[in-house]
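Chemist: The structure that follows is given in the form of C-alpha cells.
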Amino acid sequence: MRKGFHEPTEKPRRFYKAVTVAQADGGYAVLLDGRTLSGPKGTKLVLPTRALADQVAEEWAAQGETIEFGGMHATRLANTALEAVGPARAAIADQIADYAGSDLLCYLATEPQGLIQRQTERWGPVLDRAEAAEGLRLSRVAGVVHQAQPADTLIRVRDTALALDDYGMAGLAFGASLFGSAILAIAVLRGWLGGVEAFELSRLDEAWTEEKWGVDAEAAQRTERLRGEAAMLQRWFAGLPPAT
C-alpha cells in the first residue's frame, strides 16, 4: 500500500501558482491555477470532504521551485484511494489482517528487562483496549518466533477494514505498514491514540537503543520523516466522512 506515486529521478519544476479547493461532482476538487488536479491514472482528484481536499491542497501549496513528490503523503493516499483501492478491497483487507496476524505489539523483547517492562507497560493498554472495544483478542509472546493469532480476531480485523470506505481503507493499510501493527493503525483510526503517539509506540526498541548508543543523523532524518507521516495519518482519519 505504500507503492505508487514514486518520486522521479529529476524533480519536476513547479508549474502552477495558485492552489485552491472548490466543490465539484459531489465532493471537493483540488485545483492548480483553476484546473482540477489528476492522479497518475488520470482520475480527477475530487475528495469526499473539504478536510481531505484541504490536506492535499496544502501539500501542493507548500512546494517550492521543484515538486517533492516523496513528501506528499496525503496526495499519495488520495491517489491510492481513488485509483487503486476499489478493485482490490478484499486483497487489501487481507493484507491488513496479515499485519494483525504478526502484530508488532504481540512480540515482547527477551532482554533487557528495562525494555521488556517498557513494552509491557505501553503496549499492554493498547491491546487491552482493542480487545475490550473491538473484540480483538491477541496472544502475546516473548521473542520473534511466530505465534498464530485467533482466527476470529483476524476475521474481525478484516471486517473492520471492509467496513471503511476507500479513503479509510487506504489510510488503515498505510498505518498498518507504517507502524508494523494493524492494532496501532486501528487505534489511530478510532482516536484512541494520536498518530505520533502510535508511531512512538511502534519504535520503542529503536528508542531504547538510541538512549543507550545515541542517534546518527541518517536515522534521525528517517525517524522525523516517518513521524510526519504518522501525524498526516491522524489528520487524514479525522477528515474522513462520518461513518454511516
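Chemist: Got at least one residue in the range 59-76 being under 15 Å from the mean Cα position of the chain (by Cα) and in a loop (DSSP other than H, G, I, E, B)?
Modeler: Yes, the range 59-76 contains at least one residue that is under 15 Å from the mean Cα position of the chain (by Cα) and in a loop (DSSP other than H, G, I, E, B).
Chemist: Given the criteria under 16 Å from Gly239 (Cα atoms), at pLDDT 95 or above, assigned by TED's automatic domain parsing to the domain that holds Met232 and over 12 Å from the mean Cα position of the chain (by Cα), does Arg203 qualify? Give the derivation first.
Modeler: Details: under 16 Å from Gly239 (Cα atoms): no; at pLDDT 95 or above: yes; assigned by TED's automatic domain parsing to the domain that holds Met232: yes; over 12 Å from the mean Cα position of the chain (by Cα): yes.
When the stated conditions are applied, Arg203 does not pass them.
Chemist: Considering only residues that are buried (at least 19 other Cβ atoms within 10 Å of the Cβ), among the aliphatic types (A, V, I, L, M) and in contact with a strand residue (DSSP E or B) (Cβ under 8 Å, 6 or more places away or on another chain), which ones fall in the range 58-81?
Modeler: Within the range 58-81, Ile67, Ala78 qualify.
Chemist: Report yes if Thr153 is over 11 Å from the mean Cα position of the chain (by Cα), under 20 Å from Ala88 (Cα atoms), surrounded by 13 or more Cβ atoms within 10 Å (Cβ to Cβ) and touching a residue at least 24 places away in the same chain (Cβ under 8 Å), otherwise no. Steps first, answer last, please.
Modeler: Numbers: over 11 Å from the mean Cα position of the chain (by Cα): yes; under 20 Å from Ala88 (Cα atoms): no; surrounded by 13 or more Cβ atoms within 10 Å (Cβ to Cβ): yes; touching a residue at least 24 places away in the same chain (Cβ under 8 Å): yes.
Judged against the criteria, Thr153 is not a match.
Chemist: Filter the range 187-196 down to the residues that are within 19 Å of Leu136 (Cβ to Cβ) and either touching a Gly at 6+ places or on another chain (Cβ under 7 Å) or crowded, with 17+ Cβ neighbours inside 10 Å (or both) and list them by number. Can you show your working first?
Modeler: Taking the range 187-196 and keeping what is within 19 Å of Leu136 (Cβ to Cβ), we get 187-193.
Within the range 187-196, Ala187, Val188, Leu189, Trp192, Leu193 qualify.
Chemist: Another question, then. List the number of the failed condition for His146; all other conditions in (1) over 16 Å from the mean Cα position of the chain (by Cα); (2) exposed (fewer than 15 other Cβ atoms within 10 Å of the Cβ); (3) in a helix (DSSP H, G or I) hold.
Modeler: (3)
Chemist: Another question, then. Any idea how many residues of the range 109-129 are without any contact (Cβ under 8 Å) to a residue 60 or more places away in the chain and touching a Gly at 6+ places or on another chain (Cβ under 9 Å)?
Modeler: Within the range 109-129, residues that are without any contact (Cβ under 8 Å) to a residue 60 or more places away in the chain and touching a Gly at 6+ places or on another chain (Cβ under 9 Å) number 1.
The values are calculated or read from the model by the stated rules, or taken from the named source; none is laboratory data. In this text the structure is predicted, and so the values were computed from the model without any measurement. So basically every Cβ, Gly included, is an ideal-geometry build from the backbone, and we count neighbours across all protein chains shown.
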